[in-house]
Amino acid sequence: VHVRIQQRNGRKSLTTVQGLKKEFSYSKILKDVKKEFCCNGTVVQDPELGQVIQLQGDQRKNVATFLVQAGIVKKEHIKIHGF
């Protein structure tokens, strides 16, 4: 599972989560993450990467801990990218 940050304009940024297993409901994970961290987000369909979750702001650490606590992925399978 790859958690990345993308710079938008100014101080704004996007956090993307990719590489989750296909059998997970992306929309349900997104709903819980949005509620937990008070940010907006969406599920984007990418031709190469499949489904990618996008979140507003720098949520890299939050998302990583959330995925581990929810039992979705093991800690050693998460790779956090970005500065």
The conditions are (1) closer than 12 Å to THR16 by Cα; (2) of a type in the set (S, T, N, Q); (3) open to solvent by 80 Å² or more (accessible area, probe 1.4 Å), and THR42 fails exactly one of them. Which is it? (3)
Just checking, how many residues over the range 45-83 are touching a residue at least 40 places away in the same chain (Cβ under 8 Å) and surrounded by 15 or more Cβ atoms within 10 Å (Cβ to Cβ)? 13
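Do you know which of the residues in the range 3-23 that are closer than 13 Å to GLY50 by Cα, part of a strand (DSSP E or B) and out of contact with any helix residue (DSSP H, G or I) (no Cβ under 7 Å at 6 or more places or on another chain) is most open to solvent (accessible area, probe 1.4 Å)?
Filtering the range 3-23 for residues closer than 13 Å to GLY50 by Cα gives 16-23.
From the residues that got through so far, the ones that are part of a strand (DSSP E or B) too are 16-18.
The next check asks that each one be out of contact with any helix residue (DSSP H, G or I) (no Cβ under 7 Å at 6 or more places or on another chain); those that pass are 16, 18.
On the way: THR16: 10, GLN18: 27 Å².
That would be GLN18.
The values are calculated or read from the model by the stated rules, or taken from the named source; none is laboratory data. Note that the structure is predicted; figures quoted are calculated from it, not measured. Every residue, glycine as well, gets a Cβ built from its backbone with ideal geometry; the counts of neighbours run over all protein chains shown. Just so you know, the surface numbers come from the protein's heavy atoms only, side chains and all, with ligands and any DNA or RNA stripped out. Shrake-Rupley method; radii C 1.70, N 1.55, O 1.52, S 1.80 Å.
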